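Each reported figure results from applying straightforward, stated rules to the coordinates on display, with no laboratory input. Note that this is a predicted model, so its numbers are computed, not measured. With ideal geometry, Cβ positions are generated from the backbone for all residues, glycine too; neighbour counts draw on all protein chains shown.
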Amino acid sequence: MRVGAEKVAFEDPEYYRNTGWNLNNLPDAYGSLLRHLGAAINGINVPWLYCGMLFASFCWHAEDNFMSSINYQHCGAKKRWYGIPSSHSEQFERTMRAQVPERFRENPDLLLHLTTMVPPSVLQANGVRVFTLVQEPGDIILTFPKAYHSGFSEGFNCNEAVNFVLPNWLEFGRECVEMYRTYGRLSIFSHDRFVFHFGSTQNLDEYTISDCEMLLKELRRLFHEEQDYKKAFIANGLESVEELSGDVMLDEQSMEVDDVRQCFLCKHNVFFSGVICSCNPNRLSCLRHTKAMCSCPMQKRTLLQWVSSAELRYAIRRVQVKTRALKSELAVRSGDLLRTSNSSAVPIAPTSDSSHGTSSGNCFLTERKEASTKPKHVQQSARLPLKAAPIAHPRLHATSADYEYWRTKMSSASKVGPNGEPFPHVTDLT
């Protein structure tokens, strides 16, 4: 098969080894934030292989840390998917709690267990928008951040899946971490470490103005939270502050430290600073839960600081400088464009200004390889034209064209194909 000038040949081992559509490569593709993760995490940036059988199901869930996911079917029977857009996630959660209240009383974090299935018809009756599609061999399914999904197999099949994240995930990631703190669940990786590492050490050249602004917003939020709590502690009598050496890298050794250095109450990874008390020096608290740690006065407590406010300011300043440079570059390019157009109107493609970067109308996306002539009610999902993105471990980079392709798809969950035709196999059950 040929797509443009590229010959797509999954059966060719050399092509498959290098293409960005190889799920071993995709998490580290150009523009994916997971490429900054220096640790291999099974099921996150290392694909898992799933074998299903007749009626084998996967219950309602969203991806870990509200990441995006990609699922490729290698062979076998069809797989039926149901999905809910993030704009209906809260209504979905309320409906689930109303349907099985006893289960939620026993396990408030039941939706994190992947063990509960409620029929789509029940969700629809309660105002939840539900989509469905059928996956066949050769089909690729994308799920967006915070898009709950479920499904079942119609026979034996074999699928491969992995996660990836684009910069528009940052706010979703923060939202998920807040939920984890509510339930006392440990995050897959430290969100605070991830954001700080991204802002303070990584090359930002591959990211856009909106990407940098999202990162800047999150860094500022972290900075102000740290500052506000520290000022309150000092006002309440805190006298002891201990500066510790902090490793800001995102590797396996650092992540092992994060798994141990967690708040006694909410299990949040304590990355920037935490508090201990002389009554129990082995108990560590995040800044939010120092009052729940013990009844001792603040004078008996010590603030442990691994990353200082000055280091956070440096990361903020670094991203600010890059954002301003990108805006200046854009202004220069826009001026050149206007001058060369002889005062003619210059069409500018609209962009999504959604804070979460995805459409509220859909929750997953499929692409097709070929058009079908079957009637609409039996039309099957077609196959996806794959793009080359030459990367391999040692984790080389995919091309900027691949990144822009992903950015376009993730910023607009369109149900229209490349030639303007609809995707009839993505069905809105509402």
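Miscellaneous remarks
- Cross-link partners of Lys79 among aspartates and glutamates, defined as those whose alpha carbon lies under 16 angstrom from its own and excluding same-chain residues fewer than eight positions apart: Glu136, Asp139, Glu154, Glu160, Glu367.
- Amide H to amide H, with H built 1.01 Å from N, Gln262 comes under 5 Å of Val270, counting only residues 5 or more places away or on other chains.
- With the charge dipole of segment 187-312 set up from +1 on Lys and Arg Cβ and -1 on Asp and Glu Cβ about the Cα centre, the Cα lying farthest toward the positive end among the listed residues Ala235, Gly246, Ser273 is that of Ala235.
- Cα-Cα over 28 Å, subset of Lys217/Lys267; Lys7/Lys322; Lys291/Lys322: Lys7/Lys322; Lys291/Lys322
- Net charge dipole size for segment 187-312 [Lys, Arg +1 and Asp, Glu -1 on Cβ; Debye, nearest 20]: 920
- Relative packing of peptides 125-134, 7-16 - highest average C-beta neighbours within 10 Å first: 125-134, 7-16
- Residues of segment 67-85 falling in the label zone of Trp48, defined by backbone nitrogen less than 16 Å from a point 7 Å along Cα to beta-carbon, are 67-73.
- Converting phi to 3J(HN,Hα) with the Karplus coefficients 6.51, -1.76 and 1.60 and the offset θ = phi - 60°, segment 210-221 yields 5, 4, 5, 5, 5, 5, 4, 4, 6, 5, 5, 4 Hz in sequence order, with x at every glycine or proline.
- Positive-end residue, segment 3-157 charge dipole about Cα centroid, Cβ charges, pick of Pro85, Gln99, Gly151: Gln99
- Distant-in-sequence amide contacts of Lys78, defined by a placed amide H-H separation under 5 Å and a gap of 5 or more residues or a different chain, comprise Glu154.
- A crude spin-label estimate for the pair Arg97 and Asn280, with each label 7 Å from Cα along the Cβ direction, gives 2.8 nm.
- Under-5 Å amide H pairs with Leu250, H placed in peptide plane, nonlocal only: Gly38
- Under 12 Å from the Cα of Lys300 - aspartates and glutamates, other chains or at least 8 residues apart: Glu239
- Selection among Gln202, Pro167, Leu216 by position relative to the dipole of segment 133-274 gives Leu216 as farthest towards the positive end (Cβ unit charges, Cα centre).
- Vicinal HN-Hα couplings computed from phi for segment 132-145 (Karplus, 6.51 cos²θ - 1.76 cosθ + 1.60; Hz; Gly/Pro x): 9, 7, 10, 9, 10, x, x, 7, 10, 10, 10, 10, 8, x
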